[in-house]
Amino acid sequence: MKRILMVDDDRDFIESTKAVLEEKYEVLVAYDGDEGIKKARSEKPDLIILDVIMPTEDGFSAAEELKEDPELSAIPIMMLTSFGTRIAKETQIPRSRGMDLQSEDYMEKPVEPDELLRRAEQLLS
């Protein structure tokens, strides 16, 4: 069974999203960027779903660190956040930094469960 590491400080979001993903995958959880990086190193998941705004280390920094680690760089990362919409509206920048090299995919919250599963499946194939 493929393993997905979810890194997000929103525990309610983690629980609801984990329930959706557990239909098909083993789901590991971390609640901040530092914990996510440690867990990625110890567990070697098949996919990492990473929130952008978190305490200790934000998603961009965590993604950069993961991609710079030769043992983890091949693991696909999906950035998952409401951050992009807010920034795009405030600055008129149409694309997110999340798509600039650090991640293979980017989804805005709130996510549709079917869309999340479909895109996770694409990244895992």
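General observations
- Here Ile14, Ile53 are screened, and the one residue that is without any contact (Cβ under 8 Å) to a residue 60 or more places away in the chain and not in a loop (DSSP other than H, G, I, E, B) is Ile14.
- Any hit, the range 29-44, residues being touching a Leu at 6+ places or on another chain (Cβ under 8 Å) and part of a loop (DSSP other than H, G, I, E, B): yes
- Every residue from the range 83-125 that is more than 12 Å from the chain's Cα centre (by Cα), modelled with pLDDT of 55 or more and of a type in the set (S, T, N, Q): Gln122, Ser125
The values are calculated or read from the model by the stated rules, or taken from the named source; none is laboratory data. Values in this document were obtained by computation on a predicted structure and should not be read as measured data. When we count neighbours, we look across all protein chains shown, and the Cβ atoms used for this are built from the backbone with ideal geometry, even at glycine.
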